[in-house]
Amino acid sequence: MKFNNISYGGSKIYYRSIGKGRPVVFIHGFAEDGDIWKNQIELLKDSCHLIIPDLPGSGKSQMINDMSIEGMAATINAILDEEQIEQCTMFGHSMGGYITLAFAEKNEQRLTSFGLIHSTAYADSEEKKANRLKSIEFVKKNGAFEFLKAVIIDLFTETWCANNSNFVNELIEKSKGFADEAIIAYYEAMINRPDKTYILKNSNKPVLFIIGQHDKAVPFTHSLQQCHLPSQSTVVILRNSAHMGMWEEAEKLNNALLDFC
């Protein structure tokens, strides 16, 4: 696997480039980096050209001046320019799904299709915004790591956590690399993002929805409500997953990606 980087607004943005064939972009979520897609890389690297960035402030990438959802989507567009990719399929997990929708809003012509993996086009409810603001205050007072080590466990089902404690502990340990400023910027970006359901309603692109039945971050009912909005939808429900189906039910998710691609 090769790491490349671009300079964007004076910041270094890193991304993985692997494989040949149909271009597929994977955008990770909050408090992750591109390594979260390891299972999908192994599946698709022999048939697709995979582009997997570390979002600004995550992994190897530096923060940028505009850390809004739209600002981060612009870095994905710059990576595609660098790679001379005219069109791609794009998958976004959680916050990465918000970025995928923002990308689709400005650059729909560059997408052949896209997918929301444990993500939503709905804006935050007032309750969700209030909870995110409380989280920001906790991070300011106690630091990002103290916050993330509690949040990460809650992304999985209890059963999966119990059976895969080593992996969960690795994720928690890795979260020490996140600066307080980055975690706060992500929460502010998510709070401020508007409703994007009209993107789904107006898009003529095929859309894949991956839904975890036990997802606490994106309620199951919300996920189902948005599935009928696009003109072409594929819906996959992971009955034994919470928010991290790419690990909790990797084989089922991978088969869905392969069929969709």
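The values are calculated or read from the model by the stated rules, or taken from the named source; none is laboratory data. Because the structure is a prediction, the values reported are computed rather than measured. A quick note on method: Cβ atoms are made from the backbone with ideal geometry, for glycine too, and the neighbour counts reach across all protein chains shown. SASA here: full protein model, heavy atoms, side chains in, ligands and nucleic acids out. Shrake-Rupley method; radii C 1.70, N 1.55, O 1.52, S 1.80 Å.
Structure notes:
- Cα gyration tensor shape of the range 1-107, rounded if a/c is under 1.5, else prolate or oblate by comparing a/b with b/c: rounded
- Extension gain for I153 to Q84 (0.36 nm times residue separation, less C-alpha to C-alpha distance): 21.0 nm.
- Over the range 125-218, the fraction of Cα-Cα pairs per 5 Å bin, rounded to whole percents and listed from the shortest bin up, is 2, 11, 16, 18, 19, 16, 10, 6, 1, 0.
- The residue among L148, N240, L229 whose Cα reaches farthest toward the positive pole of the charge dipole of the range 123-261, with charges on the beta-carbon of Lys, Arg, Asp and Glu, is L229.
- Extension gain (nm, one decimal) between I191 and N65, 0.36 nm per residue minus Cα-Cα: 43.6 nm
- Whole-number percent relative contact order across the chain, with pairs defined as alpha carbons under 8 Å at least 6 apart: 19
- Remark: relative contact order (the range 148-261) = 27 percent; criterion is Cα-Cα distance under 8 angstrom and separation of 6 or more residues.
- For the range 1-146, accessible area per residue (1.4 Å probe, heavy atoms of protein chains only), Å²: 40
- Amide H contacts under 5 Å for Y8: I13, restricted to partners 5 or more places along the chain or on a different chain, H placed in the peptide plane at 1.01 Å from N.
- Residue separation of F145 and K20 scaled by 0.36 nm, minus their Cα-Cα distance, works out to 41.3 nm of gained length.
- Whichever lysines have a C-alpha closer than 29 Å to that of K134, once near sequence neighbours (fewer than 8 apart) are set aside: K60, K149, K174, K176, K196, K216
- Of the accessible area of the chain, computed with a 1.4 Å probe over protein heavy atoms only, carbon and sulfur atoms account for 47 percent.
- Kirkwood Rh and Cα Rg combined as Rg/Rh, the range 175-261: 1.02
- Approximate shape of the range 1-58 as ellipsoid semi-axes (Cα gyration tensor, √5λ), whole Å, largest first: 20, 13, 8
- Inter-label distance, nm, simple model (7 Å from Cα along the C-beta direction), L224/E105: 2.8
- Among beta bridges identified by DSSP and lying wholly in the chain, the antiparallel ones come to about 30 percent.
- Along the range 180-190 the Karplus relation, 6.51 cos²θ - 1.76 cosθ + 1.60 evaluated at θ = phi - 60°, assigns HN-Hα couplings of 3, 4, 5, 4, 5, 4, 5, 5, 5, 5, 6 Hz to successive residues, with x for each Gly and Pro.
- Remark: the Cα gyration tensor places the chain in the rounded category, a/c being less than 1.5.
- Charged-residue dipole, Cβ positions (Lys, Arg, Asp, Glu), the range 65-173 about Cα centre, Debye nearest 20: 380
- Calculated FRET value between I172 and V235, using beta carbons and R₀ = 22 Å, to 0.05: 0.10
- Gyration tensor verdict on the range 63-184 (Cα atoms; rounded if a/c is under 1.5, prolate if a/b is larger than b/c, oblate otherwise): prolate
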